[in-house]
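Peer 1: Got a structure for you, questions after.
The values are calculated or read from the model by the stated rules, or taken from the named source; none is laboratory data. Since the structure is predicted, the reported quantities are computational estimates derived from the model, not experimental observations. Quick reminder, even Gly has a Cβ in these numbers, built from the backbone with ideal geometry, and neighbours come from all protein chains shown. Quick note on the areas: whole protein, heavy atoms, side chains included, nothing else; ligands and nucleic acids left out. Shrake-Rupley method; radii C 1.70, N 1.55, O 1.52, S 1.80 Å.
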Amino acid sequence: MKTKEKTAIFMAVLAAALYALNSPVSKLLLSHIPTTVMAGLLYLGAGFGLLIVRFFQKRIGVQSNEQSLSQKDAPYTIGMILLDIAAPISLMIGLTMTNAANASLLNNFEIVATSMIALFIFKEKISRRLWAAIFLVTLASIVLTTEDISSFRFSFGSLFVLLACVCWGFENNCTHMISHKNPLEIVVIKGFGSGLGSLMIAFAIGENLPAIKYILCAMLLGFIAYGLSIFFYIYAQRTLGAAKTSAYYAVAPFIGAALSLIVFREVPTMSFLAALSIMAVGTYLASTD
């Protein structure tokens, strides 16, 4: 394996580890922050955080040789922003209706969404091994989404998490199309565009801002779990492509699920353990493809 590919894999896994904080910490903050406001603050935190990083880079003389976004990139940039408004809102709604461990593990469905979109729309190749991984992750997601297997009643919270994964699947592919451009610029535009868009929706439906301490906590989480995570993710996409980066990124839900079980002292159900086992095999096949 080449050094460039090893570096890209490390960045994808680092991005995953940072994003893993999202579900358990967001679940804690959602008791104090309305769902759509929370989604907006997360992305605003990402935008502000990386804007500050760039400011200090300039102050110490760090020059960037990265290409800026052009008018040609506008369709993918706009798509990225709109999808990043829809995805976190769906996830925050889902988190209020299901437990954090389930939501974290369900985030692995993003592999399926990203890979299918990469195949059918962007014509990326998918191997037999990755097809097997997609089948197993989908099967595990069905187990997690079903409240009562005997009567096939679905958890609406889980369905909202899956909707978020589909939105992020489209967004991953849009971002991949502009991943050769300046990652810092992409995250800043994504952060402010998606953050302000979500806040406009929040105010339109009557949600209010929480106390300043919760605003700062949400924005700090956004900087770490969204800003830095997306920044490293984009670098990884340059070498690995959208589908494969998503596969390595799949370690995030397992970290998030473990943190959720610890933080909320949740006792895992038999269906959760079964889904965890199936998803672990699927994730292994995807990441070793």
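Peer 1: Confirm whether residue 170 is open to solvent by 50 Å² or more (accessible area, probe 1.4 Å) and closer than 16 Å to residue 74 by Cα.
Peer 2: Numbers: open to solvent by 50 Å² or more (accessible area, probe 1.4 Å): yes; closer than 16 Å to residue 74 by Cα: yes.
The answer is yes for residue 170.
Peer 1: Please work out if residue 95 is surrounded by 22 or more Cβ atoms within 10 Å (Cβ to Cβ) and assigned to a helix (DSSP H, G or I). Don't jump to the end; show me each part of the working.
Peer 2: Values: surrounded by 22 or more Cβ atoms within 10 Å (Cβ to Cβ): yes; assigned to a helix (DSSP H, G or I): yes.
Taking the combined requirement at face value, the residue satisfies it.
Peer 1: Right, here's the next one. Among the residues of the stretch 28-86, which ones are closer than 22 Å to residue 219 by Cα and in a loop (DSSP other than H, G, I, E, B)?
Peer 2: 30, 31, 32, 33, 34
Peer 1: Select from the stretch 69-104 the residues that are at pLDDT below 90 and polar (S, T, N, Q) and write down the one among them that is nearest to the chain's Cα centre (by Cα).
Peer 2: Restricting to residues being at pLDDT below 90 and polar (S, T, N, Q), the top hit is 104.
Peer 1: Looking only at the stretch 11-59, filter to residues that are closer than 17 Å to residue 188 by Cα and free of Cβ contacts under 8 Å to residues at least 60 places away in the same chain; which one of those is nearest to the chain's Cα centre (by Cα)?
Peer 2: By that ranking, first place goes to 52.
Peer 1: Name, by its number, the condition in (1) buried (at least 24 other Cβ atoms within 10 Å of the Cβ); (2) without any contact (Cβ under 8 Å) to a residue 24 or more places away in the chain; (3) not hydroxyl-bearing (Ser, Thr, Tyr) that does not hold for residue 270.
Peer 2: Result: residue 270 fails condition (1) only.
Peer 1: Tally the residues that are more than 28 Å from residue 16 (Cβ to Cβ) and open to solvent by less than 30 Å² (accessible area, probe 1.4 Å), restricting the search to the stretch 203-232. Please lay out each step first, then the result.
Peer 2: Within the stretch 203-232, the first condition is being more than 28 Å from residue 16 (Cβ to Cβ), and the residues that meet it are 203-213.
Add one more test, that the residue is open to solvent by less than 30 Å² (accessible area, probe 1.4 Å), and what stays is 210.
So the count comes out to 1.
Peer 1: Another one. Quick one: residue 118 ticks every box in (1) open to solvent by 10 Å² or more (accessible area, probe 1.4 Å); (2) in contact (Cβ under 8 Å) with a residue 24 or more places away in the chain; (3) of a type in the set (A, V, I, L, M) except a single one, so which number is it?
Peer 2: Evaluating residue 118 over (1) open to solvent by 10 Å² or more (accessible area, probe 1.4 Å); (2) in contact (Cβ under 8 Å) with a residue 24 or more places away in the chain; (3) of a type in the set (A, V, I, L, M) leaves (1) as the failure.
Peer 1: If you scan the stretch 1-27, which residues turn out to be in a loop (DSSP other than H, G, I, E, B) and of a type in the set (A, V, I, L, M)? Steps first, answer last, please.
Peer 2: First, the residues of the stretch 1-27 that are in a loop (DSSP other than H, G, I, E, B): 1-2, 20-21.
Selection gives 1, 20, 21.
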